[in-house]
Amino acid sequence: MTARLTRAETVLYGVAGLAAFLGVWSALSLSGAVPHQFLPAPHEVAARFVQLATTPFAGATLGAHLASSALRFAYGFLLGAAIGIPLGLLMGWFRVLDEIVSPAFDALRFIAPIAWVPFAALWFGTGIGGPIMIIFAGAFPPCLINAYRGARHVSRPLIEAAEMLGTGHLRIIVEVLLPASTASIVAGLRVAAGLGWQSLIGAELIVASTGVGFMMVQAQLNISTTTVMSAMVAIGMVGFLIDVALRGLEAAVRRRGLVA
Amino acid sequence: MAAISFDAVTKTFGRNGRESVALERIDLVVADREFVAIVGPSGCGKTTCLRMVAGFEFPSAGWVTVDQRRVTGPGPDRAVVFQQFALFPWKTVHDNIALGLRNKGVPRDERERRIAEAIELMSLQGYETAFPHQLSGGMQQRVAIARAYVLDPDVLLMDEPFGALDAQTRITMQEELVRIARRNPRTVLFVTHAVEEAVYLADRVAVMTRRPGRIKEIIDVRAVRVAEKWDTHERIEDVMDLESFIHWRTHIWRSLREEKIGREP
C-alpha cells in the first residue's frame, strides 16, 4: 500500500471520484452520445427520485416500497443469522455434525439465491414467504461459514482452559466459541446482508406485489427509465446504510475488546 | 487428596509418517501435597508430561493416574495454569474466576465467598471488574492462579507459569507461590526450564534428558529446605545465597549441561 492519507484528503478524493462519475454520466446523456431514452441524465433521475418520494407509483411511494422490501429483508436476514450462526458454531464444536452437514451445505451454497425463485413462487405464491426464502438463501451461508470458521479458530489453550474448568458443551459454545468468534461472525453478517439485499431485489422482480424490485418491473413496463434509476439509487443507498450499521456493530465489537 | 503417578509412560508422535519418541518410560510419583518440579531442556517433553495429567494428551504406552484413577480427559479436579495465561478476554477477572465454580453448580453465595477468597489470596482486590487485556502479565497470571485455586483442586498443574513474565515480576510471583503453597498446600506438578525456580519452589526436582525425554534423576530438596530453614526467608535472593541452595542449583545445572554436551553429535 502507498502512504496513508489524511481524513480531508480521503473525503476530497471521494467527492472528486463521485463528481467525475456524475460528470461522465451527464456528458454521455446530455451530449446525445447515448440516446436519451437509454440513459437519462443525473438531474432528471434526481428530480424523479424526489417526486417518487411523495407521489405513489405502482401503488405506493418510493418510501413505502422500500419499507416493504426492508421488512422482507429483515425477516430473511434475521432468519439466516438465527439459524446460520448457531449451526455454524455447533458444527465448529461437534465433529459429527460437521461431517453430516458439510457435504449437503457445500453442494447447496453455490446455487445463486435467484435460482430458488421458481420454487419460492411455487411454494409461497406471492406472499412474503417467497422473498424471505430467497434472502435467506443469500444470507444463511455466510452466517454459517463465518461462525464455523470462527469456532474452529478459537485458540487451543482457551478451549483447554474451558475444559479443565469443567465447562460443558453448551456453555463452551455460548461462552467461549461465540464470543471468540464475534469478529468473524460480524464480518459474516456484513457479507450476508450484502448478498441478502441483492437477492431480495432479484426476487422481487419476479414474485412480489410491492417493494422496490416490483416497482422496477412496473417502471420497465412503462418504459420509465428515470423511475428504474431512482429505484436503483434507493437500493444502493439502503444497501449502503445497512453496511454502515453493520460496520458500526463491528467497531463496537472491537471497542469492547471482544476479539480474542 | 491425590497423588499423581506416571507408570512406564511412553509417548510417541507421528511426524511425516515417521514415529518419533517424545517420552520414554517415565516413572514418577508425586505424593499427596507434594510439590514436584520437572526441569529439562526445551523439547524434552516435560510439558507433554503435564498435559497427560491434565487429560489434554494421552500416553502411547503406560498409565497416568491421579488418585489411582486413570486420566481420561480434562477436569476441574486437575486445575491447570498455562504459560500464556489462557484467560477469557471477554470475561472480567471476577467472571474468569467464577466459571469453574458455576460449572460445578456451586450456589451463588458460596461461589461469591470463594471468589472473594481467591481474589484476596492473589492480591487482586479492586480488579474484579477489569478485563484481562487491561492487566499486566503478572496480574493476568495471578488471575489464572486464582481461577485454578478457587476450584480447590486435588492437583495443580503449572506449565512454565512464569515463563512469559519479566524477571522482576517473576521473582514476586515465585515468592507469592511459596507463600500460598505454605498456607494452602496442594499436590503440584510444576514444569519449568529455570533451574533456580525449580529448586526454590519444589520439594523434589525431576531432571529430564534431551529428546527422547527420560527422567535422569530426581533430587529431593525438601530435606535440605527444612534443615536449612529456607522457608523462614521472605525473599528469594536470601534463599539463593544459601550454601545449600547453591549446591543443588549447581548440581542440576551440571546435570542439564551434560545432557546438552553429551548428546551433541
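Listing for the model above:
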| item | result |
| --- | --- |
| Entirely in the stretch A:87-190, the helices (runs of 4 or more DSSP H) that have 1 or more residues that are within 14 Å of another protein chain (Cβ to nearest Cβ) | A:129-152, A:156-164, A:169-172 |
| Wholly within the stretch B:29-140, strands (runs of 3 or more DSSP E) carrying at least 3 residues that are more than 10 Å from chain A (Cβ to nearest Cβ) | B:35-39, B:61-66 |
| Test: residue in the stretch B:142-159 that is within 11 Å of chain A (Cβ to nearest Cβ), part of a helix (DSSP H, G or I) and more than 22 Å from B:Gly105 (Cβ to Cβ) | yes |
| Condition check for A:Arg95: among the basic types (Lys, Arg) and either closer than 30 Å to A:Ile159 by Cα or within 23 Å of the chain's Cα centre (by Cα) (or both) | yes |
| Residue match in the stretch A:169-188 (condition: in the same structural domain as A:Gly76 (by TED's automatic domain parsing), charged (D, E, K, R) and closer than 19 Å to A:Val101 by Cα) | no |
| Residues (buried (at least 24 other Cβ atoms within 10 Å of the Cβ) and touching a strand residue (DSSP E or B) at 6+ places or on another chain (Cβ under 7 Å)) located in the stretch A:199-236 | A:Met215, A:Thr227 |
| Any hit, the stretch A:106-113, residues being over 23 Å from B:Asp95 (Cβ atoms), of a type in the set (Asp, Glu) and assigned by TED's automatic domain parsing to the domain that holds A:Leu241 | yes |
| Scan of the stretch B:102-131 for residues that are surrounded by 20 or more Cβ atoms within 10 Å (Cβ to Cβ) and either under 21 Å from the mean Cα position of the chain (by Cα) or of a type in the set (Lys, Arg) (or both), ordered by number | B:Ala118, B:Ile119, B:Met122, B:Leu124 |
| Residue within the stretch A:238-247 that is free of Cβ contacts under 8 Å to residues at least 40 places away in the same chain, crowded, with 17+ Cβ neighbours inside 10 Å, away from chain B (no Cβ under 14 Å) and assigned to a helix (DSSP H, G or I) present | no |
| Restricting the stretch B:220-237 to residues that are touching a strand residue (DSSP E or B) at 6+ places or on another chain (Cβ under 7 Å) and surrounded by fewer than 20 Cβ atoms within 10 Å (Cβ to Cβ), the residue that is nearest to B:Ile252 (Cα to Cα) | B:Asp220 |
| Condition broken by A:Thr167, with the remaining ones in (1) hydroxyl-bearing (Ser, Thr, Tyr); (2) over 27 Å from B:Asn103 (Cα atoms); (3) without any contact (Cβ under 8 Å) to a residue 40 or more places away in the chain satisfied | (2) |
| Residue identified as in contact (Cβ under 8 Å) with a residue 12 or more places away in the chain, touching a Ser or Thr at 6+ places or on another chain (Cβ under 8 Å) and polar (S, T, N, Q) among A:Ser26, A:Ser68 | A:Ser68 |
| When residues of the stretch B:155-199 are limited to those that are surrounded by 21 or more Cβ atoms within 10 Å (Cβ to Cβ) and of a type in the set (Ser, Thr, Tyr), the one farthest from B:Cys44 (Cα to Cα) | B:Thr187 |
| Unique residue being under 19 Å from the mean Cα position of the chain (by Cα), surrounded by 11 or more Cβ atoms within 10 Å (Cβ to Cβ) and assigned by TED's automatic domain parsing to the domain that holds A:Met232 when the list is A:Leu62, A:Leu71, A:Leu90, A:Leu52 | A:Leu71 |
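The values are calculated or read from the model by the stated rules, or taken from the named source; none is laboratory data. These numbers come from a predicted model, not from an experiment. Reconstructed Cβ throughout: ideal geometry from the backbone, glycine too, with neighbour counts over all protein chains shown.
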